[in-house]
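Step one of this worksheet: look at the structure below.
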């Protein structure tokens, strides 16, 4: 099974020596969401139009930054593991 997967990856990669490495979204867990939002706004970052109850989004060029309450991230992690 693993050898089949590796073979497919090798075939797919033929002729593709360089892969563009990109980040499209970074999520940061923050202790105080309002305070962190204020900090990034004071640095000149513009909030995204994306609407979410507990998440604040900023657009940074082609990349997005999401601020998420750290306590909520911890709760989600406990459910996943």
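The values are calculated or read from the model by the stated rules, or taken from the named source; none is laboratory data. The structure displayed is predicted, hence computed values, not measured ones. Cβ coordinates were reconstructed from backbone atoms using ideal geometry, including for glycine residues, and neighbour counts include every protein chain displayed.
Values for this structure:
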| quantity | calculated |
| --- | --- |
| Filter result for residue 39 (part of a helix (DSSP H, G or I) and surrounded by 13 or more Cβ atoms within 10 Å (Cβ to Cβ)) | yes |
| Residue pairs meeting the criteria (Cβ under 7 Å; at least 6 apart or on separate chains; first over 18 Å from residue 75 (Cβ atoms), in the range 48-61; second part of a loop (DSSP other than H, G, I, E, B)) | 57/48; 57/50; 58/45; 58/48; 59/48; 60/45 |
| Conditions (1) at pLDDT 85 or above; (2) out of contact with any strand residue (DSSP E or B) (no Cβ under 8 Å at 6 or more places or on another chain); (3) under 23 Å from residue 75 (Cα atoms); number of the one not met by residue 39 | (3) |
| Per-region count, the range 25-36, residues farther than 16 Å from residue 47 by Cα, exposed (fewer than 12 other Cβ atoms within 10 Å of the Cβ) and touching a strand residue (DSSP E or B) at 6+ places or on another chain (Cβ under 6 Å) | 0 |
